[in-house]
1. Label D49 and Q36 with points 7 Å out from Cα along Cα→Cβ: what is the distance between them in nm?
2. Please list 3J(HN,Hα) in residue order for the range 99-113, calculated via the Karplus relation 6.51 cos²θ - 1.76 cosθ + 1.60 where θ = phi - 60°; whole Hz, with x for glycine and proline.
3. Between S197 and L74, what is the FRET efficiency for a Förster distance of 25 Å, r being their Cβ-Cβ separation, to the nearest 0.05?
4. Once amide H atoms are placed 1.01 Å from N in the peptide plane, what residues at a sequence separation of 5 or more from V207, or on another chain, have their amide H within under 5 Å of its amide H?
5. Express in whole angstrom the spacing between the alpha-carbon centres of the range 228-275 and the range 21-73.
6. Quick one: pull the percent of accessible area on the chain belonging to carbon and sulfur, 1.4 Å probe, ligands and nucleic acids left out.
7. At a threshold of 8 angstrom on Cα-Cα distance, excluding pairs fewer than six apart, so keeping six or more, what relative contact order does the chain reach in percent?
8. Using the charge dipole of the range 132-258 (Lys, Arg: +1 at Cβ; Asp, Glu: -1 at Cβ; taken about the Cα centre), state which of S156, S226, Q216 has its Cα farthest towards the positive end.
Amino acid sequence: MKLYKTKNCVVVEKENKYYPIFREWDILINNDNLYQELEQLIQTSPSVDSSIINEPLAPIGPHQELWACGVTYLRSKVGRQEESKASGGADFYAKVYEAERPECFFKATPNRVVGNNAFVRIRKDSTWDVPEPELTLVVTSSGKIVGYTIGNDMSSRSIEGENPLYLPQAKTYDGCAALGPCVYVTNEALPASTNISLQIERNKQTVFEGSIAIDQMKRSAEDLVSFVYRECSFPHGCLIMTGTGIVPGSDFTLQSGDEISISIDHIGTLKNTVA
């Protein structure tokens with residue numbers, strides 16, 4: 001099943017049918033038995049036309065937080081080492097890739113997150129910027145993964161590369177993340193073969209594309225959740241980006257007007273334009 005957040009209601013998509021659910025997002029999504037709850041709710045909801053999901057909002061509630069994890073794929077480790085070599089910070093990324101404790105950091109409050117077809121931003125004081133396509137976990141207050149969505153972790157490689165201590169400035173700013181278009185709700189973990197792909201178009205021409213399967217992730221989703229939740233409580237649940245395995249080369253940087261498409265099997269495609 002897929003779950004969409006819209007201006008007027010929550011919408012459940014199942015077998016190409018769409019069911020409006022009039023529940024508060026924060027309350028509905030923070031349910032360890034979300035799949036079963038949705039199955040029951042659609043039994044009493046009439047199906048409607050698919051136009052109800054034409055303008056989905058970012059699937060994050062007003063009281064939820066977006067966190068992120070880094071250096072979870074080998075390609076990310078190599079990319080971070082490349083960008084921080086001049087500053088002497090390359091060893092930090094090599095060590096965290098092998099360490100028991102993963103890199104976990106606060107990414108954004110809901111007001112800094114945009115949804116599908118919305119504008120993401122690059123910092124005005126940055127000279128090297130990339131999108132980071134990431135499988136994003138939807139987690140309840142108890143720490144249970146109940147769904148998955150697509151995340152775009154916008155990042156300034158020039159700022160983070162200058163000094164690892166600048167990570168919060170490289171990662172957190174207005175329009176720094178996109179989520180959507182829906183939450184894929186399932187009773188089972190995603191297959192290891194699930195593929196993530198990224199395409200960037202500039203003036204209708206593809207300037208970068210890449211893909212990777214989630215079985216290339218060094219750490220399990222449950223392991224990442226356990227560290228984020230270790231000394232933090234999330235009364236309304238939390239969303240956690242799991243890191244990227246697709247990193248454009250050092251000769252690439254985003255420009256205003258670029259169109260970013262991130263697709264993940266089973267979930268769909270998240271599209272954004274750089275403001």
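1. 3.7 nm
2. 6, 5, 8, x, 7, 10, 8, 6, 9, 6, 7, x, 6, 9, 10
3. 0.90
4. Counting only residues 5 or more places away or on other chains, the set is I200, E201, R202.
5. 18 Å
6. 46 percent
7. 25 percent
8. S226
The values are calculated or read from the model by the stated rules, or taken from the named source; none is laboratory data. From a predicted model like this one, the values you see are computed outputs, not experimental measurements. We place every Cβ from the backbone using ideal geometry, glycine too, and count neighbours over all the protein chains shown. For the accessible areas, the whole protein counts, side chains as well, though only heavy atoms, and no ligand, DNA or RNA atoms are used. Shrake-Rupley method; radii C 1.70, N 1.55, O 1.52, S 1.80 Å.
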